[in-house]
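Read the structure below first, then the notes.
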Amino acid sequence: MKLYSYFRSSAAYRVRIGLNLKGLNADVLPVHLVKDGGQQHAPAYQAINPNELVPALDDDGFILTQSLSILEYLDEVHPETALLPQDPKQRALIRAFSQSIACDIHPINNLRVLQYLSNELQISDEQKSAWYRHWVELGLKGLEAQLKDSNGKFCFGDQATLADCCLIPQIYNALRFNIDVSVYPKIHAIYQHCLSLAPFQHAAPENQADAA
Ligand SMILES: N[C@@H](CCC(=O)N[C@@H](CS)C(=O)NCC(=O)O)C(=O)O
């Protein structure tokens, strides 16, 4: 298996966590999102992901994009250490939580959106930070509320799931933008716990070969 990744990409970070939780090995192929005008825009990479985004998984010639699809595919093909439980209601809640991050919070704060705000709309760095903080803080408030019945070590119980694969990279990103995550006590505790575990540590941006 090959994973097209960028060390700081939170979507690729989700997949790296999932692979590690399952004990699966993948060759990580770096796609630098800034260098050379963004290697995700190079024709060779466009042939892999026409959306010009990381991650992409190549499983023996089967190419798949979208981090949540990749994680669910891995979960179906390699069911050991399941990322989704059997119970339909729990599965649905975990998917809803994961999609709150991957569909609602992340896309409007993605690199190309922030670049458009700066380069095309010419907003200042201060305004750009205000944009990021506004949408992320609103999103985290909603996530904390979704965890109101959660009392385990992870988002949904005492086993890591798809939700944790999505939450940890989003919090890592929020901290890079100096957002105080301690005001979200459940999220904060889950983040601290996950950081102490090898599958999460090995997936962290600073531990990637392409980390600057
Ligand atoms: N919905 C996609 C999002 C992928 C995505 O936005 N990746 C970002 C990095 S986290 C990217 O490649 N950005 C490049 C750009 O904005 O040009 C997924 O979950 O895989």
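Of the residues examined, residue 77 is not one that is aliphatic (A, V, I, L, M) and within 11 Å of the ligand (Cβ to nearest atom). Checked against (1) under 18 Å from residue 84 (Cα atoms); (2) of a type outside the set (Lys, Arg); (3) open to solvent by less than 70 Å² (accessible area, probe 1.4 Å), residue 204 passes all but a single condition, namely (1). Within the stretch 160-197, the set of residues being open to solvent by 50 Å² or more (accessible area, probe 1.4 Å) and either of a type in the set (Gly, Ala, Ser) or touching a Cys at 6+ places or on another chain (Cβ under 7 Å) (or both) comprises 182, 189, 196.
Residues in the stretch 83-101 that are in contact (Cβ under 8 Å) with a residue 24 or more places away in the chain and small (Gly, Ala, Ser): 96, 98, 100. In this structure, residue 11 does not satisfy being out of contact with any strand residue (DSSP E or B) (no Cβ under 8 Å at 6 or more places or on another chain), over 19 Å from residue 168 (Cβ atoms) and assigned to a helix (DSSP H, G or I). Given the criteria in a loop (DSSP other than H, G, I, E, B), away from the ligand (no atom under 15 Å from the Cβ) and either open to solvent by less than 60 Å² (accessible area, probe 1.4 Å) or not hydroxyl-bearing (Ser, Thr, Tyr) (or both), does residue 92 qualify? No: the conditions fail for residue 92. Condition check for residue 212 on (1) buried (at least 19 other Cβ atoms within 10 Å of the Cβ); (2) over 17 Å from residue 136 (Cβ atoms): one failure, at (1). Scan the stretch 27-62 for residues that are open to solvent by less than 80 Å² (accessible area, probe 1.4 Å), more than 12 Å from the ligand (Cβ to nearest atom) and among the aromatic types (Phe, Trp, Tyr) and the total you get is 0. Restricting to the stretch 138-151, name every residue that is within 22 Å of residue 193 (Cβ to Cβ) and either buried (at least 16 other Cβ atoms within 10 Å of the Cβ) or within 19 Å of the chain's Cα centre (by Cα) (or both). 139, 140, 141, 142, 143, 144, 146, 147, 150, listed by residue number. Within the stretch 63-71, identify whether any single residue is more than 23 Å from residue 99 (Cβ to Cβ), of a type outside the set (A, V, I, L, M) and either within 11 Å of the ligand (Cβ to nearest atom) or under 16 Å from the mean Cα position of the chain (by Cα) (or both), and answer yes or no. No, the conditions are met nowhere in the stretch 63-71.
The number of residues in the stretch 7-26 that are open to solvent by 20 Å² or more (accessible area, probe 1.4 Å) and in contact with a helix residue (DSSP H, G or I) (Cβ under 8 Å, 6 or more places away or on another chain) comes to 7.
Among helices (runs of 4 or more DSSP H) entirely within the stretch 96-212, having at least 2 residues that are more than 20 Å from residue 53 (Cβ to Cβ) and modelled with pLDDT of 95 or more singles out 125-146, 162-176, 185-195, 198-203. Which residue is least open to solvent (accessible area, probe 1.4 Å), if the candidates are limited to the stretch 66-89 and must be polar (S, T, N, Q) and under 16 Å from residue 169 (Cβ atoms)? Among those that are polar (S, T, N, Q) and under 16 Å from residue 169 (Cβ atoms), it is 67. Would the stretch 101-114 turn up any residue that is open to solvent by less than 60 Å² (accessible area, probe 1.4 Å), among the small types (Gly, Ala, Ser) and within 11 Å of the ligand (Cβ to nearest atom)? Looking through the stretch 101-114, at least one residue is open to solvent by less than 60 Å² (accessible area, probe 1.4 Å), among the small types (Gly, Ala, Ser) and within 11 Å of the ligand (Cβ to nearest atom).
The values are calculated or read from the model by the stated rules, or taken from the named source; none is laboratory data. On a predicted model such as this, the values are computed, not experimentally measured, just so you know. When we count neighbours, we look across all protein chains shown, and the Cβ atoms used for this are built from the backbone with ideal geometry, even at glycine. We work out accessible area using only protein heavy atoms, side chains counted, and drop any ligands, DNA or RNA first. Shrake-Rupley method; radii C 1.70, N 1.55, O 1.52, S 1.80 Å.
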